[in-house]
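**Q** Take a look at this one; I'll ask things after.
Computed from the coordinates by the stated procedures, all read-outs in this text should not be read as laboratory data. Just so it is clear, the model here is predicted, and its values are computed rather than measured. As a convention, Cβ positions derive from the backbone with ideal geometry for all residues, glycine included, and neighbour counts pool all protein chains shown.
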Amino acid sequence: MSHQPFTAAALRGAVDLSSLKRPAPQGGPASGAAGTSADGASLVVEGTDASIRDVLAASATHPVVMVLWSPRLQESADFVSTFADLARRYAGRFQLVTVDVDANPTILQAFQVQAVPVSFAFVQGQPVPLFEGVQPEDQVTAVIDQVLALAAQHGVTGTVAVDGEQPSDNADDEQEQPLPPLHQQAFDAIEEGDLEGAAAAYREALLESPADADAKIGLAQVGLLQRTQGVDLQAARAAAAEAPTDVDAQILVADLDLLGGHVEDAFVRLIDTVRVTADADRNKAREHLVELFEVVGTGDDRVAKARKSLMSALF
């Protein structure tokens, strides 16, 4: 199964799901799906032969990751637990579906599984193979980032409930608490494609309140969009490869990596740039890396890891 960066082509013809026939209605709810609605509203759900088509249909609104496992194999059960922890860490940005293949032979046959655990992602109902076997957590995290980037390309950016909370796109509390005027102005500008207008609104918000963390993050995110708008990815990578000490070239590729979901690659590139540069160039690379920390979120585990690496590179 692929460990390569995903593209839109990855959604075409990965797995034949025609054998997953929708069963005739029975007298009661499908066994093994307790606590999950047809739209798969919970963060971690159990997929069964009876419910799997409905559960996977939720991938039209948010990314879904499915892990096939067997209770007979402890390592596969442990891998499911790792994935569940990861789903909670991502705060509902994808939904985890677990399938006990011993109890669900139709799913086992449809995916032609030879050994478990095995993992797939779903975006807009289309499957993308992820892993065969147990994988280290950092590898799983990197691939999940790629899945989320692919989903975003297809407009699939919804979230699911975390620990019983309502999904973010249905949260009444958010509707009752409108954005501050300048934040709303920035949001509207982004919707209209006016990135400069959005940046100006966030800068004004920071002038009014320098401690406005949301405005700071918003400005950093808009800056990322501005810097990468219309850039040829392959040309940028070629230029960076030819000039490893060209800070601007390395920054541009780091921005593109971050925008594509390759967070750790972006961080490593700039940390390496800090190592091979000096004085003003070195400081420029460091400052830009810190700005990318803001874009990702300072509470993210990958940011904490990169901060340690940056300190090692500096000292």
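**Q** As I understand it, the dipole of the range 242-315 uses +1 on the Cβ of Lys and Arg and -1 on the Cβ of Asp and Glu, about the Cα centre. Which of H288, T298, T245 lies farthest toward its positive end?
**A** The Cα lying farthest towards the positive end belongs to T298.
**Q** Starting from 0.36 nm per residue, how many nanometres of slack lie between T157 and A211 once their C-alpha separation is accounted for?
**A** 16.6 nm
**Q** Between R275 and D300, 0.36 nm times their residue separation minus their Cα-Cα distance comes to what?
**A** Roughly 6.7 nm would be gained on extension.
**Q** Now a separate question. With N residues in the range 174-302, what two-decimal value do you get for its Cα radius of gyration over 2.2 N^0.38 Å?
**A** Scaled against compact globular proteins, the figure is 1.14.
**Q** Search the structure for amide H atoms under 5 Å from the amide H of V118, placed 1.01 Å from N in the peptide plane, and list their residues when 5 or more places away or on another chain.
**A** Close amide H contacts, sequence-distant or interchain: L68, G133.
**Q** Could you tally the net charge around E264, taking each other residue with its Cβ under 11 Å from the Cβ of E264, Lys/Arg +1 and Asp/Glu -1?
**A** -3
**Q** Let me ask something additional. Subtract the Cα-Cα distance of A239 and E137 from 0.36 nm times their separation in residues, and report this length gain in nm to one decimal.
**A** Result: 33.5 nm gained on full extension.
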